[in-house]
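Shown next, in structure tokens, is the structure this report addresses.
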């Protein structure tokens, strides 16, 4: 059973460009979570999604950030008009529907904004 | 708001036991977790404990929870060089986890 997949692993964007980060949950997992890790800090919760629904987006910045988890395909975290402060590692986690307290993390996407 | 605190660094000799400590503030947390992060990698779920338990043992890992003091610890017996990593404590519910800043464990030969 493959783990949580994230791509790209590394992404470089210039200020003002858009960044799209993709996450494929583990097989059988229908719940996806996105976290951001700034250098030398712990992970901060951003958003929790189920298929076609945003359940909790209390950690998402109000502007420029959006997330989706469509019926088919991976979950996408989209950052518009990136700024240097968006440089971080973005981690996706997934959990099965019956064990939502077990979150399994992907390897992360390291975003660098130049 | 919720806050999870850990010491930043811990060094131990190979073969000794390691104890990593964590304090949290949210008394409504249902679960408390330990994750391991190796350089450049994602987080690996090591173990978790329900808030109504006070101890959980899993092979070389022992988790102790003092709910009164909101203190969680992870003991690694017979620490090996492969245990060198950052260890994150987290608390939460089924929706979101709140993480500490991580403890860098260095295992010396």
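Considering each residue of the stretch B:76-109, count those that are more than 14 Å from chain A (Cβ to nearest Cβ) and surrounded by 16 or more Cβ atoms within 10 Å (Cβ to Cβ), and give that number.
Of the residues in the stretch B:76-109, 6 are more than 14 Å from chain A (Cβ to nearest Cβ) and surrounded by 16 or more Cβ atoms within 10 Å (Cβ to Cβ).
Within the stretch A:78-105, the set of residues being at pLDDT 95 or above and assigned to a loop (DSSP other than H, G, I, E, B) comprises A:80, A:81, A:82, A:83, A:87.
Out of B:85, B:77, B:41, which single residue is at pLDDT 95 or above and under 30 Å from residue A:49 (Cα atoms)?
Being at pLDDT 95 or above and under 30 Å from residue A:49 (Cα atoms) holds for just one of B:85, B:77, B:41, which is B:85.
Just to be sure, is residue B:21 more than 10 Å from chain A (Cβ to nearest Cβ) and part of a strand (DSSP E or B)? Yes; evaluated as a whole, the condition is true for this residue. Just one of the listed residues (B:3, B:26) is within 11 Å of chain A (Cβ to nearest Cβ) and modelled with pLDDT under 90, namely B:3. For the stretch B:62-72, the tally of residues that are on the phi < 0 side of the Ramachandran plot and buried (at least 17 other Cβ atoms within 10 Å of the Cβ) stands at 5. Only one of the numbered conditions (1) free of Cβ contacts under 8 Å to residues at least 40 places away in the same chain; (2) surrounded by 14 or more Cβ atoms within 10 Å (Cβ to Cβ); (3) more than 10 Å from every other protein chain (Cβ to nearest Cβ) is not met by residue B:44, and that is (3). If you filter the stretch A:96-105 down to residues that are touching a residue at least 12 places away in the same chain (Cβ under 8 Å) and surrounded by fewer than 21 Cβ atoms within 10 Å (Cβ to Cβ), you find that the one that is nearest to the other protein chains (Cβ to nearest Cβ) is A:100. Taking the criterion of being more than 18 Å from residue A:105 (Cβ to Cβ) and either within 13 Å of chain B (Cβ to nearest Cβ) or part of a loop (DSSP other than H, G, I, E, B) (or both), the residues of the stretch A:56-77 that qualify are A:57, A:58, A:60, A:61, A:62, A:63, A:64, A:70, A:71, A:72, A:73.
The values are calculated or read from the model by the stated rules, or taken from the named source; none is laboratory data. Note that the coordinates shown come from a computational prediction; the quantities given were computed from them, not determined experimentally. Note that we place each Cβ from the backbone using ideal geometry, even for glycine, and neighbour counts take in every protein chain shown.
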